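The values are calculated or read from the model by the stated rules, or taken from the named source; none is laboratory data. In this text, all values refer to a predicted model and were calculated from it rather than measured experimentally. Here the Cβ positions follow ideal geometry from the backbone for every residue, glycine too, while neighbour counts run over all protein chains shown. Areas reflect the complete protein model, heavy atoms only, side chains present, ligands, DNA and RNA absent. Shrake-Rupley method; radii C 1.70, N 1.55, O 1.52, S 1.80 Å.
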Amino acid sequence: MTVPTVSLLSSLAAVVRGRAFAWLLYFAVAAALPFLLQAVLGESFSWGARTLCYVGIYAIAALGLNIVVGYCGLLNLGFGGFMLIGAYTTGILMKEYGFSFWAAALVSVGHGALWGIILGIPTLRLTGDYFAIVTFGFSQLVTMTAMNWDRITRGTKGYPGIPRPEVDLTWIPGVSFRHQFQITSIYEYWYLVAALLALCLFVADRLLRSRLGRAWQALREDEVAAEACGINAMWYKTLAFAISAGYGALAGSIIATYDTMISTKVFDFMTSVYVLCYVVLGGMGTVLGPLAGTALLVTLVEWLRENPAAQLARVMSWWPAAADWLARVPYQPDMRFVLYGILLILMIRFRPEGLLPNRARARELHEHGEAGDPDHESLFELRQR
Amino acid sequence: MTSTSDLHTGQAANAEALLEVCSVTKRFGGVTAVREANLKLMPGKVTSLIGPNGAGKTTLFNAITGCIPATSGQILVRTAQGLRRIEQLRPDRITRLGIARTFQNIRLFSNLTVLDNVKVGLHPRTRAGMFGAILRPPWVTREEATITRSAMRYLEFCGLEGRDGDVAGSLPYGYQRRLEIARALATGPRLLLLDEPAAGMNPAESRDLLDLIRKILESGVTVFLIEHDMRVVMNISDYIYVLDHGEIIAEGTPAEVRSNPRVIEAYLGSAH
C-alpha cells in the first residue's frame, strides 16, 4: 500500500473511532430499527417493537445503575425502588395534576435523586455488603409504602389510566406540520425512548470522561488513596447515588406512560436484580456495556416466552427427524428463567468481565503474569537494556 | 550526643516549623500504638522517622494525614493564615492544606492508566463538577488540557515518561513507587510524607530514589520519610526521630542518632 492510502485509511479509522461518528451511527440505527424489524419479523413485528422499547427503557436504568456499581464500585441491590418512585411520581402528576410528560419526568428525576441523597447520606459510610443490604431494605420499604398507601397509589390494585406523552411543537416558530400530537404508536414510542436513551448515553459518557468520573473511579479502586488525593469520598458517592437514582426514576417514568398502568409488582426486588445483571453481564464501568447487556438479556427473556425448541424445529425442516423431535420438547413460558439462569452461569464462568468490558477489568479477571511479564522485571533490569 | 529528654531543643529553636505534632497519642483498644509523640518538621528539610517494625511509625503518619485520627494531642500545620489544627480534619481536607502522602503497601488505582492516576492527584487543584462534566463549557476543556499537561510534567519529573498509557497495576514495582510519588506531588503539597519508599528496592533503585527525593526538595517540598534502608536515611536526612514502642526515644542529626546508645539498643537488643 502506498503512503497516502495508509494515511487516508488511518484518518478514516480515526473518524470511525471518533464520537461524532458513533452518534451518527446511533441515530441512523435508531431511526432504521423499527423498519428493519418490520421487514425481518413480519407478523411478529409488534412483539419485536415492544421488546425494542423495553430494551431502550431498561438500558436507561442500567446506565444509571452502572454509575453507582460500575463507576463507583458500590453494590446497589435496591435500584427498583428508584424506578418505582419515578413511575408513581410521573403517573400521579400526569393523571391527577395534569402535568405534561416532560414536566412530570423532570420532577420524577428530581424526586428520585432526592431519595438517592436521603438514602445515601446515612448509608454511604457503610462498606461493601452492609451497604448492599441497606439498599435492599430501602427498595422493600419503597415497595411496601407504595403497596399500602392506598389513598395516593391505590395500593395493590395498581395505578391505571396514565396518559400518553404529548409532543407540543407550537412554541417553535415556523413548524407547520403536526404541531401537537400524542405519542401512541409503537414507532413514536421507540423514537421517544431512543431520544431519551441518547441523552442518557451522552451524559453517562461525559461523566465518565471527566474530573468527576476520575474521582469516582479512584474511589472504586482505593478509597483511602482517593481521599489522600483530596477527594471528598462522601460527597462524590452521594452525587453518584443521586445521579444514578435520577436515571432510575426517568426509566420508571417512561415505563409509567408506556404501560399506562403501573403496579408495585413491576418494580419488585427481581427488577433490581435484572438491571444489575444487565450491568454486570454487559460490562461494568463502560458506557456501552450496560446497553449491550440490556439488549441481549431483555431480548432473550422476551424471545424465550415461546418454546425455543419449537422455533428451532421450524428452521430444521431439512432434517425432518430432528425437527419432529424438537417440536415435541415440552415447554412452559416460565421455563425461560431456567434457561436464563443457565446463561448467567455460563457468562460468569467464561466471560466474567461482561460483553463489552473495559480493558483494565478484563485484565484483572483473567490472570496474567507469564514469563517475561514486566511485573517481574525490576527497574534496574529495565535500565540495563 | 543529644539528650532525648529535651524534645524540642534539638532543632534550631527560632526557625518556624511547617508541621508540629504535640503530644499525640493513638490507642487501638488497649494497645497504645503511639504515646505522647512530639515532633517538628522544618520547611525545606528532610526529616526521617525510623524505628523497629511495629514501633508506630505508620500510625503516626496515619494520624497526621487523618486516615486514622489520633486519640489525643494536637497536630498543627503552618498555613498562610497562621497555625491551623488538623487532627480533627478529614483526610481530603488535610490533603488540600498541602500535606500529601504515599503508602507503605503501594495504593495505586491499579486498573486506571498511569496518566489517570496522576490526573486524580490533580483533583484538589481543579474544580469542574457535574454540570461542567456534562455541558463541558470552554473553561472545562481548558482545565482538562491543563490537567493532562501538568500530569505529564509530573510523570516526567518522576522518571515515568513514555509510561502514561500503561495500566498502573501492570507497572514494575519500582515504577509503581515512583507513580505513587508523582500522584502525591500532583496534589500540590508543601509537605510530602513518604512511607518506606525504598522498601523492596535494589541498591541501584534506591540510589535513583535518593536522586528523586533531592529533586523534590529542590522544588520546594518538605519531606517527611519513614525508611528502613539506613543507606537512604543516613544519606539524605537533615534530622531523624527514632520511634520505639510508640515513643520517641531519640532525635538528632544522622551522626547523633547513629551513635545514640538507646537507638542501638532498640535496634539490636540490650545485649549489645
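When you scan region A:10-23, do you find a residue that is touching a residue at least 60 places away in the same chain (Cβ under 8 Å) and either touching a Gly at 6+ places or on another chain (Cβ under 7 Å) or surrounded by fewer than 23 Cβ atoms within 10 Å (Cβ to Cβ) (or both), even just one? Reasoning before the result, please.
First, the residues of region A:10-23 that are touching a residue at least 60 places away in the same chain (Cβ under 8 Å): A:19, A:23.
Okay, now just the ones that are also either touching a Gly at 6+ places or on another chain (Cβ under 7 Å) or surrounded by fewer than 23 Cβ atoms within 10 Å (Cβ to Cβ) (or both), so A:19, A:23.
Yes: one or more hits.
Check region B:159-171 and report whether any residue there is at pLDDT 90 or above, more than 12 Å from every other protein chain (Cβ to nearest Cβ) and crowded, with 18+ Cβ neighbours inside 10 Å.
no
Please work out if B:Val223 is touching a Pro at 6+ places or on another chain (Cβ under 8 Å) and within 19 Å of B:Gly44 (Cβ to Cβ).
Judged against the criteria, B:Val223 is not a match.
Does A:Ala295 meet the test of being in contact with an Asp or Glu (Cβ under 8 Å, 6 or more places away or on another chain) and either among the hydrophobic types (A, V, I, L, M, F, W, C) or more than 14 Å from chain B (Cβ to nearest Cβ) (or both)? Break it down into steps so the answer makes sense when it comes.
On the way: in contact with an Asp or Glu (Cβ under 8 Å, 6 or more places away or on another chain): no; either among the hydrophobic types (A, V, I, L, M, F, W, C) or more than 14 Å from chain B (Cβ to nearest Cβ) (or both): yes.
Spelling it out, it is not the case that A:Ala295 is in contact with an Asp or Glu (Cβ under 8 Å, 6 or more places away or on another chain) and either among the hydrophobic types (A, V, I, L, M, F, W, C) or more than 14 Å from chain B (Cβ to nearest Cβ) (or both).
Considering every residue within region B:56-64, establish whether at least one is out of contact with any helix residue (DSSP H, G or I) (no Cβ under 6 Å at 6 or more places or on another chain), assigned to a loop (DSSP other than H, G, I, E, B) and farther than 30 Å from B:Val31 by Cα.
The answer is no; no qualifying residue exists.
Assess whether A:Thr51 counts as being β-branched (Val, Ile, Thr) and modelled with pLDDT under 90.
Considered against the rule, which asks whether it is β-branched (Val, Ile, Thr) and modelled with pLDDT under 90, A:Thr51 comes out as yes.
Let me confirm something: among B:Arg183, B:Arg125, which residue is surrounded by fewer than 17 Cβ atoms within 10 Å (Cβ to Cβ), touching a Ser or Thr at 6+ places or on another chain (Cβ under 9 Å) and within 12 Å of another protein chain (Cβ to nearest Cβ)?
Numbers: B:Arg183 fails: surrounded by fewer than 17 Cβ atoms within 10 Å (Cβ to Cβ).
When all the criteria are applied, what remains is B:Arg125.
Condition first: assigned to a loop (DSSP other than H, G, I, E, B) and touching a Ser or Thr at 6+ places or on another chain (Cβ under 8 Å). Now tell me which residues in region B:85-100 satisfy that. Steps first, answer last, please.
Taking region B:85-100 first, the residues assigned to a loop (DSSP other than H, G, I, E, B) are B:86-90, B:97-98.
Of everything in region B:85-100, those that are assigned to a loop (DSSP other than H, G, I, E, B) and touching a Ser or Thr at 6+ places or on another chain (Cβ under 8 Å) turn out to be B:Leu97, B:Gly98.
Looking only at region B:128-162, filter to residues that are under 25 Å from the mean Cα position of the chain (by Cα) and basic (Lys, Arg); which one of those is farthest from B:Arg183 (Cα to Cα)?
Going through the qualifying residues, I end up with B:Arg149.
Report yes if some residue within region A:326-339 is open to solvent by 50 Å² or more (accessible area, probe 1.4 Å), among the aromatic types (Phe, Trp, Tyr) and in contact (Cβ under 8 Å) with a residue 40 or more places away in the chain; otherwise report no. First the steps, then the outcome.
Kept after step one, since they are open to solvent by 50 Å² or more (accessible area, probe 1.4 Å), are these residues of region A:326-339: A:327-328, A:330, A:332-335, A:337-339.
Applying the additional criterion that residues be among the aromatic types (Phe, Trp, Tyr) yields A:337.
Imposing the further condition that a residue be in contact (Cβ under 8 Å) with a residue 40 or more places away in the chain reduces the set to none.
No, that holds for no residue.
Let me spell it out: the conditions are (1) in contact (Cβ under 8 Å) with a residue 60 or more places away in the chain; (2) open to solvent by less than 30 Å² (accessible area, probe 1.4 Å), and B:Ile94 meets all of them except one. Which number is the exception?
Unmet condition: (1).
Confirm whether A:Ala242 is in contact (Cβ under 8 Å) with a residue 40 or more places away in the chain, away from every other protein chain (no Cβ under 14 Å) and hydrophobic (A, V, I, L, M, F, W, C).
No.
Can you tell me which residue within region A:147-171, out of those that are open to solvent by less than 90 Å² (accessible area, probe 1.4 Å) and over 21 Å from A:Phe99 (Cβ atoms), is modelled with the lowest pLDDT?
Residue satisfying both the conditions and the ranking: A:Gly155.
Could you check region B:193-215 and list, in sequence order, the residues that are under 12 Å from the mean Cα position of the chain (by Cα) and within 18 Å of B:Glu156 (Cα to Cα)?
Matches in region B:193-215: B:Ile213 only.
Regarding region A:87-110, can at least one residue be identified that is at pLDDT 90 or above, farther than 21 Å from A:Arg164 by Cβ and either in contact with a Leu (Cβ under 8 Å, 6 or more places away or on another chain) or assigned by TED's automatic domain parsing to the domain that holds A:Ala240 (or both)?
yes
Taking the stated definitions as given, is A:Lys237 open to solvent by less than 20 Å² (accessible area, probe 1.4 Å) and of a type in the set (D, E, K, R)? Reasoning before the result, please.
Details: open to solvent by less than 20 Å² (accessible area, probe 1.4 Å): yes; of a type in the set (D, E, K, R): yes.
When the stated conditions are applied, A:Lys237 passes them.
Residues A:Gly174, A:Gly137, A:Gly120: which one is assigned to a loop (DSSP other than H, G, I, E, B), more than 22 Å from A:Ile254 (Cα to Cα) and more than 14 Å from chain B (Cβ to nearest Cβ)?
A:Gly174
Among the residues of region B:96-122, what is the count of those that are within 7 Å of chain A (Cβ to nearest Cβ), touching a Lys or Arg at 6+ places or on another chain (Cβ under 8 Å) and within 19 Å of B:Gly220 (Cβ to Cβ)?
Total satisfying the criteria: 1.
Could you list, in sequence order, all residues of region B:201-238 that are open to solvent by less than 30 Å² (accessible area, probe 1.4 Å), within 17 Å of B:Arg190 (Cβ to Cβ), touching a residue at least 60 places away in the same chain (Cβ under 8 Å) and not in a helix (DSSP H, G or I)?
B:Thr222, B:Val223, B:Phe224, B:Leu225, listed by residue number.
List, please: which pairs have Cβ atoms under 7 Å, are six or more places apart or on different chains, and start with a residue in region A:201-216 that is facing another protein chain (nearest Cβ under 7 Å) and end with one that is open to solvent by 20 Å² or more (accessible area, probe 1.4 Å) and of a type in the set (D, E, K, R)?
A:Arg206/B:Arg136; A:Arg214/B:Asp116; A:Arg214/B:Lys119
Taking A:Tyr189 and the conditions (1) at pLDDT 90 or above; (2) under 18 Å from A:Phe27 (Cβ atoms); (3) among the hydroxyl-bearing types (Ser, Thr, Tyr), which numbered condition does it fall short on, given that it satisfies the others?
(1)
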